[in-house]
Structures are given as C-alpha cells and as structure tokens.
C-alpha cells in the first residue's frame, strides 16, 4: 500500500519535472516533492511507527526515490542554467595565430646520437668515452696501423706541436707524439686495457681528419663505434646486430650487405651497405641505382689489437664497427651539404 | 684503376657479362665503382673488301670503288691513293655518325653515286694518321663491325683496389686471379714459367749501393731495337687503362706493368755513361730534369738510378728526360726492380710527383715480380721492336720465398659464424694460388710471394670468407649473459642538461674545436698558452680551444643577420695544456642569450634566470652568484664585463661551477656585435657533482602564512643577496620566503622593496609574534647593514 504510494510519487515527480521551465517552477517542484511538508518527507518521518521489517523495506525505497527525484531536479537545474548561456556570442576565430612560447632545438647530431644510444643501450651496450686529443700509440700503433702508414701523414692527420713541458714533470723527455684522434677506435684499446670480456660497448665521439671541407667532406666528424668482444663472437653476430640497429634506426626492415674491405685493426674487414632507405633496394638516384647505401666500416677485431690491449692472442673474438653520425643524419634527413652541420646557423638548427 | 673487360676476359677466361662480373667483384673482391662502354661510336663502320677500282670519269683525283661489305656490294667514291683491289678497309655505311659529327649519307659526287665512305684512322678517331685509308689485316672478316674486329667495343671497369691488395691487383693478373677464384676455377697463367734467361750481360754493370731501399734490381740490355709506334692492339690496351701510348718501347714497359703490376723503365743505353747503373741515394742538392719536363732538386732522402756521373731517374717514381727513349735509340737498358715502399712514398710526396710507378711501389710489391715482368717485357719488345737481348744482370741478395701459415678451419668457421665445408675452404685457397697440406681442417698453407698481404691465420680466413660470400653467412643473434650495462653517468647527465636547455628555449650549436690566434687575441685569451696544431687547415684553426666562447660569438654575429633575439648553447670540450702526456680535456656547457632590447641589464638577468632554472631542474638547491674572485691564475677573466659578471657557486661546494656575465663590450665590438651578449659557462663535471643530491620531502605547511612588505634605503655597496640573507637570519626561523619586488636608485642610495612571507610549521602566528619578528628584522637591517627603513 505504502509502497504503491511511494512509487506513485516517483512516477508523478519524474513526469512533472519535464514540464518545469524556470526557477519558479524549480522552486515549486522542490517544495512539493522534497520539501519539509512534502508527502515523501512525511512518509520518511512516519517510518518510526512501522514494524522493524516494514521500516527497513519502506525506508530503503523511500530514500531511493528521494535520491532519484533529487537527481532529476539537479539535472533540470543544470539544463535550465546551460540553456541560458550564449556560446555563440563568445565564438572566436581559432585560426588566429597564437604567440608561441617557443622551445629550443637540440642539435641534429645530438638527436641522432640519442637515437643510436637508445637503440644500443636497449641491447645492453655500455657507452664508453675517451680523449679527443690522443697519443699516436692509441690512435695508430695499438690499432695495428703500420709505422709508415700513409694515414699518419701530415695530409691526413692533425698533429699537435709538442707542448712546452712542465719542468717538474717526470715525463718531459717522453717523445710521445700527440694528435687529434682520427677515429673513435683508440677508445677500443683504452677500454680493453681496463676491462675483461665479455663486453659490448659503443663509443660516440668527435674525430678529426686533415682534409679540405666541401659539400661532402668535413675535417671535424662525429663517429660512432661499436665493439663486442667475447668467446665466440662471429661475423653472423655482427650482421644480426647491424640489421637490428638499422631496422630500428630507419624504422623499416633493412638488409645489410658486407663487402670485403681493409682496415688494419680488423681482419676480416668489411665495408657495409644497407639497402637503400629511399627505394628499398630497387635502385634510385639516392643509391646511384645500385640499391645500396654505403654506411661504414667493420670487421672482426685483429688479434694484434687484442695483444696491444694486453689480452692473450686468440683468447677472444670480437667485432668492431664504426660509422659517421653526419652521414646517417644526412641520409635520414636528406641534407645535401655537410658544412651546414657545424655552421651554427639557426635557420638550419631549428629545422630539427 | 681502369680495367678493360676484354683483357680481363682473355686472361681469366670468364664468361660472365660485365654487369654480372661487376656484381661479383664488388661482393667478393673490390668495389667496381663504374662501368663504361666504349667503342659504341663506331657503330655502322664495317669491314669491307675492295673488289674493283676504276677512275672517276669526271675527276682526276677521285676513284670509283666496288666494296663487298658482306650483305651487299657498295659503290663508293674515294680520293685516297693507298688503296688496292683485295684490301680490307673500314667502310662507314650510310647512316653512320662519325666521331667528328659528320653523318654519312648516300650522295652523288661529280655525277657518280657513292653510298658510304672508306675511312682513314683520324676519321675514325683512332689516331692522327691521315696518310690514307686504314688498311686492315688480310684475315679481317668481311661485314664484321670494325669496333668488334679491333676489340674497341669494350667495357671499362673502374675498380677501387683496396690498399692492401695494390701489390697484386694493380695488375690484370691479380684481378684475373680474383675472377677465377670467384668462379671456383684455378687460374691458368704460366706464372712460374716466367724465368730469366741465363745470359749475363757484358755491357751492363749494376751496383746497388743501398740494398735497404732496393731489394732487387734486374737490368737487361737489348740491342738493335727499332723505336716506332706500337701496334694498334697495344695502343688500345694502354688507352683502355688510361695510359697514353708513347712509342713501342715505353708502351711495352707500360703494358707489362698493367699486366703484372710491376713498374718497369727503359733507358737509352747511349745516354748511360760508363755503361754502369748505380742505385744510390741522391747527393744533397743534386738536380735532375724529369720526363715530364719539370726540374727537381734532390736530397739524401731520395733514391736515384744513376750512371757514373749523374742521376738518370728517381727510383720508382719517374725517369729523367736525358736518358729517355727517342726515335734514334738503338740499344736500351731495361730496368725491373724493387724499391722500398716507404722511401718511394716519401720521395714522391717530397717531390710532388705521383706516377703509375710510384702508386705501385709505395704499396710494397713482391720482388719476385721483377723477374716475371722482365721476361714478359723482353718477349714483347723482341716481338714489336725487333730487338735482341744482349744479356741480363740480376742483383737480388735476399731472396723472398713463399711462407707457410698454420690454419685451423674449425677456428675459421667459428670466426665467420658459418659451417663452411673444409673441402670448400681448401678449394678457395687453392684457387687463389695457395699450396695446401695437412688434413682434418688443420692446414699448412703456403702463400705465393705476390700475396704480400697474407701474414696471419685471420688473413686466410678473410680469403675464405669473402670468396665463400659474406651474403651466404647467416645473421645470428648473439648468446651472451644477461647483464645490465653500466650507465655512463656523465653522458646521461649531459643529455639531461641538453633537454632542460631545450625546454628553456636554447638552440644547440656544434662548433669546431679550434680557433685562430686572432680570435684568441680578440677574446683577451691571447696570452693563454694554447695547444697548437702543427698542421692546421688554416691559421684560423690553429689553436685548440680553451673556451667555447670565441666560436659562439661568431655564431652570435652570424645569426644576428637573420634573428633579433635568440638563445644558443654548446656542449663541448676544451683543452688545457697541463704538462702531462695528454692535455686536460674538460666538458663545458656554454649558453648565450641575446635580446632585441636591453635597457637595464635584461640580457644579463635572462641568462641568470636560465642558469637558475637549469640548476633548479637539476635539483641543485643552493646556487649563488658571487663577485669575481679575481685570482691572477684566472686567465679567462678578460672575456667578461667587469661590472656585470659573477662566479656561479653552490653552497657547500669548494670553488665555482662556472661563470655568468655579459661578454666584455670591447670584445663584442671586435666581433662587430652591436648587442649585449650574456653568457653562462658551466663545467659539466662540477655541475654533475653539484646535482648529485638526494631530494628529501619537506612537509607541506598546514598553517597559514602572512605577507609583510618592507621598503628600505641602503648604500650602493649593499647587495640584494646580503639584505635577503640578513632578513632570514633575523627572522628566527619564521621567514618562509623573501622576494624583491622593486628596486630603484635614489640619489647615492638604492631603494628596495621586499615581500616577506612569515609562518610557522606548527601554529598560526599571532599578530604580536609577527610584529616582534618584523622588529627584529628591521633592527638587523639598520644595525648590520646601515639601512634605513622607509615608512
């Protein structure tokens, strides 16, 4: 009986709220259905006179209905309020340019270097560092470059004038020649002198070549070197790592091609190409219609280099691998003049 | 080097097309940089046989011919006198475009039909000879293309021979070895059959005074040679490899050089005084006129070939003008020698002469080649110049013999990462001219002496790997222990700094690591001892930088042409001499701020904000800016504006972590920069040390704070930092924050206005308590700083 009544109130209230059109109506409605003198409030007040069983049952129902009516009222209030807001009068032209806060641009080589570092560190490589001004020993001798190798000429390498030695220094008579490292490879030997295999390292860094600059040549370069040494490290492993790296770096499946080459610090030595990132290997102007892009040099570490670093001959196997950041950046972003990279020109820097 | 496909084909017997061969050579041996087809321009010129010659009815100087060109017989009018019935001649048929551009058309010449042209050599672009029609060999096939007959249709391979293979592959035989090995065949060339005849020369004496620099000297005398033009096939072979034909003797030496990679030289025996060749170092100041017409002054570094009186040639580089072959030469002395590679290189660099001979000698060739080449050149000269060998001298004190290397094929497969059958590996080595003994993969390999590059087991493994084909080696994941890589903290930190600076609107530049003395002087760094390059590109790049600022100022100057205001930074190394083996390299972060307008040091304070934000983001709490402690050792001081610069320090750390300031305006003038430039220079390592702090949570205040403002007048020597510190000190722990909101100069004093935020962690402050603290603060300012409180 009482239940019927409550449900009746609900039906009536929910029906009535639909026709409310203004604040006065809202007030009337609230007073009638939720007010102190409303029927529902009366029922709730009278609960105490019911049996315990009924009190629970009726109480729950009445409260639920009260809640439902309140929500309907709130909903109506929001509806009436929103309806009064004139959005149209606030319309703006969203195409008006905004004043940008601006942001800085990391250098393109920093960007490329990060991408490379991230890919390699995800594969468990450690990042190693070494000096940019090097001893002839680490740059050449320790890497199995013969004493009379043309690379040591003045035309290819920047040499430093002997420093005026500190008279108190013990090594003042040491006639060690100093140069600007021509590659990041000296770090191989420096690292191996202090660490035992197995290890996987990468060495990003600046290197210098004494050659005239033009659109494709720079005397200041940034190289990337990878060195993996362990028990059975082999050519197949190198191919795998190289494929993985380039596929991630260029974001598409790439093939690696090894060609015979010669670098004194590796044997066997390779030149490695990747399938053309522009045409995918079918042949296009970017790859001079060969389907391949030449990327860098690599090879299995020459046992003489292990010996220079203090390892026993034939105790380990490893591969070393190097390439230029500039070249990768130029390939990835289709830059046609290497000199822009160290020009400091913001019109260039801000493009990346 | 350029290689003729026809010649390579003849030597190696390859049946591969040029394109196929190119692909395989690139993958297995050397990169073939280009293919160039030649001989195409003579398309349409065929071999014809003259059947009939009659007089032209209307012209005395012309003749009518009937020429059989295979498919048909042509009527051709010809003016040359050297033709005869039965001769084979080149016929340019109708439609042929001649090298001169002339197109052959059917025509009537003085009323007689002519459908083609009989050609002279010059008309075919085959020389300068216009003496008459080019008469071909009797056995030339009628109707065949001339280019094909003369082997002019060739493909030139431009092969980039690797430096460690120059000693054998700057000769066709070396490349032919590669080709046969690639095709799994053994090379069929009678290499060991090339032995010197045992005829000792009676007319030539050879003395090798410096056996270090000349390990072998083979001399031969040939008499009664007739110096003339070489046969056409020799000329075209030389031309295909980019060598200009000279005369038959010189051409023969060059041909053998191309074939075997051994440079040779021919002297006119009549010009060799005393019939004696002396191989010695040049005397200081000795002079020689070279074959190319230049004069050279020699030094003791240079090895020369001399007679009893004077140098005849610079050994291994170039012959002299006086002793060269000329048309009157009758007796020649041939030289096939081995000169020290380093010495040849130094000499040719020193004299500025680079020749085909020096290119080969400086790559350290096999002394046994000298013999082979001599046998070949004698053979050829006898054939083409009619000469006769008088005798030979061979000085070869330390004979080089084939050497042996142990090779473990298990190891080879382990290094290559592929299971190459042992039989296959043995075959590969044999095809490259090695002798193999041993079994079960434990081999002893005897290396032929021309493979100077093969010294170790790994060298042999490379031969197996490349001929097997690197593309046949499968890529395979590495199996390594899973260890977390050590983090390179400094790199990681540097990257973080760069990220923060990008967020602070700084663009990153990379500059060279050097600058010039003028830059150093302009930046007041001229007195500093820099490391210096012994061989800079130019004087502007001679000094190794001790500061990033000079090059950044150039960036500022250049970018001001395009931008009104900008922020840039560089992260790079500076190099300080320190008396050690290697200089000290320090990583520096240098930031520059340039604003469009600066009325009251906005540029400086923008830089200061950036420095504060950077250190704040790095977690460095107590950064402060201190007056320059102008120690005389501080050699970089001159860069900065003396009144607008400071050291950047961190509470609790010794010394400074960097500098901040405006660049000295006098320096900016030298760089033609008409703006203020404020810079921050931070030492990365010290910055990292300062940032190595643990952040500890501080409870969020539960009780309200109150703001009080205070205005004071203080002497101009009183700095804001001092006032704020004083306020905090007097505040009995209740000063939460002090901030400056106004400052202006008032007569000889400065007026400052501060907000002071007061509060306690455990209670709401009573107003009496607040008044008491403010009174303490005021007293402190008055007594300790002599400040006057403005009401």
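Ranked by how many other Cβ atoms sit within 10 Å of their own Cβ, fewest first, the residues B:575, B:191, B:703 fall in the order B:703, B:191, B:575. Across peptide B:526-532, the average count of Cβ atoms from other chains found within 10 Å of a residue's Cβ is 2.
Report, in cubic angstrom per residue, the convex hull volume of the C-alpha atoms of the protein assembly as shown. Walk me through the numbers before you get to the answer.
Values: hull volume 407.6 nm³, N = 1143.
Per-residue hull volume (Cα only) is 357 Å³.
Using only alpha carbons, the range B:92-140 has a radius of gyration to Kirkwood radius ratio (Rg to Rh) of 1.01.
Applying a 10 Å radius around every beta-carbon, put B:445-457, A:304-316 in order of their mean neighbour count, most first. Please report the intermediate quantities before stating the final value.
Values: B:445-457: 19.6, A:304-316: 16.4.
Packing proxy ranking, top to bottom: B:445-457, A:304-316.
Normalised by 2.2 N^0.38 Å, where N is the number of residues, the alpha-carbon radius of gyration of the range A:71-205 equals 2.22. Springs join every pair of Cα atoms under 10 Å in this Gaussian network model of chain A, and among A:241, A:43, A:201 the largest mean-square fluctuation is at A:43.
Let me know the mean shielding of B:468-478 by other chains, meaning the per-residue number of their Cβ atoms within 10 Å of its Cβ. Walk me through the intermediate numbers first.
On the way: counts 0, 1, 12, 6, 0, 6, 4, 12, 7, 5, 15.
If you average over the peptide's residues, the count of other-chain Cβ atoms is 6.
If R0 is 22 Å, the Cβ-Cβ spacing of residue B:670 and residue B:576 corresponds to a FRET efficiency of close to 0.40. By the count of other C-beta atoms within 10 Å, a proxy for reagent exposure, B:390, A:225 are ordered fewest to most as B:390, A:225.
Between A:66, A:248, A:194, the residue with the greatest mean-square fluctuation in the GNM of chain A (Cα pairs under 10 Å linked by springs) is A:66.
The mean number of Cβ atoms from other chains found within 10 Å of a Cβ in peptide A:114-123 is 2, as a whole number.
Global size of chain A: 38.7, 114 Å for Rg and Dmax (C-alpha atoms, Rg to one decimal, Dmax whole). Each peptide in B:242-254, B:594-606 gets a packing score, the mean of other Cβ atoms within 10 Å over its residues, and the list from highest to lowest is B:242-254, B:594-606.
How high is the relative contact order of chain A, in percent, counting Cα pairs under 8 Å that sit 6 or more residues apart? Present the calculation step by step, with values, prior to reporting the outcome.
Details: 517 pairs, mean separation 52.8, N = 352.
About 15 percent, as a whole number.
How large is log10 I(q)/I(0) at q = 0.20 Å⁻¹ when the Debye formula is applied to the Cα atoms of the range A:2-89, each weighted equally and without solvent? Here log10 of I(q) over I(0) equals -0.89.
Computed over chain B, relative contact order equals 8 percent, with contacts defined as Cα pairs under 8 Å that lie 6+ residues apart. Comparing A:49, A:141, A:156 in a Gaussian network model of chain A (Cα springs below 10 Å), the most mobile by mean-square fluctuation is A:49.
As a calculated quantity, the FRET efficiency between residue B:270 and residue B:138 at R0 = 45 Å, using C-beta atoms, amounts to about 0.75.
Given that compact globular proteins tend to follow 2.2 N^0.38 Å, what is the ratio of the alpha-carbon Rg of the range B:403-472 to that value? It would help to have the intermediate numbers written out before the result.
Values: Rg = 10.8 Å, N = 70, 2.2 N^0.38 = 11.1 Å.
It is 0.98.
For chain B, give the share of DSSP beta bridges that are antiparallel, in percent and rounded to the nearest 5; count only bridges with both residues there.
On the way: 137 of 144 bridges.
Antiparallel: roughly 95 percent of the beta bridges in chain B.
Output the 0 to 90 degree angle, nearest 10, between the alpha-carbon long axis of helix B:172-182 and the longest principal axis computed from the alpha carbons of chain B. Once rounded, one gets 70 degrees. Model label sites at residue A:90 and residue B:40, defined 7 Å from Cα along the beta-carbon direction, differ in position by 7.3 nm.
Note on the protein assembly as shown: antiparallel DSSP beta bridges, both residues inside, total approximately 95 percent of the bridges counted.
Per Stokes-Einstein, at 37 °C and 0.692 mPa s, what whole-number D in µm² s⁻¹ belongs to the range B:139-200, with the Kirkwood radius over Cα pairs as the hydrodynamic radius? Don't jump to the answer; show the numbers that get you there.
Details: Rh = 15.3 Å.
Reported coefficient: 215 µm²/s.
Helix-only arithmetic for the protein assembly as shown: the sum of -39500 (n - 2.57) across DSSP H runs with n ≥ 4, divided by the residue total, places the mean residue ellipticity at 222 nm at -9000 deg cm²/dmol. Within the range B:706-790, all pairs of alpha-carbon atoms sorted by distance into 5 Å bins from zero give the percentages 3, 15, 29, 25, 15, 8, 4, 1, 0. Each of A:244, B:779 was scored by other Cβ atoms within 10 Å of its Cβ. Listed from fewest to most, they are B:779, A:244.
Read-outs throughout are calculated quantities, based only on the coordinates presented, and are distinct from any laboratory measurement. It should be emphasised that the depicted structure is a prediction, and the values quoted were computed from it without experimental measurement. Please note: Cβ atoms are built from the backbone with ideal geometry, for glycine as well, and neighbour counts cover all protein chains shown.
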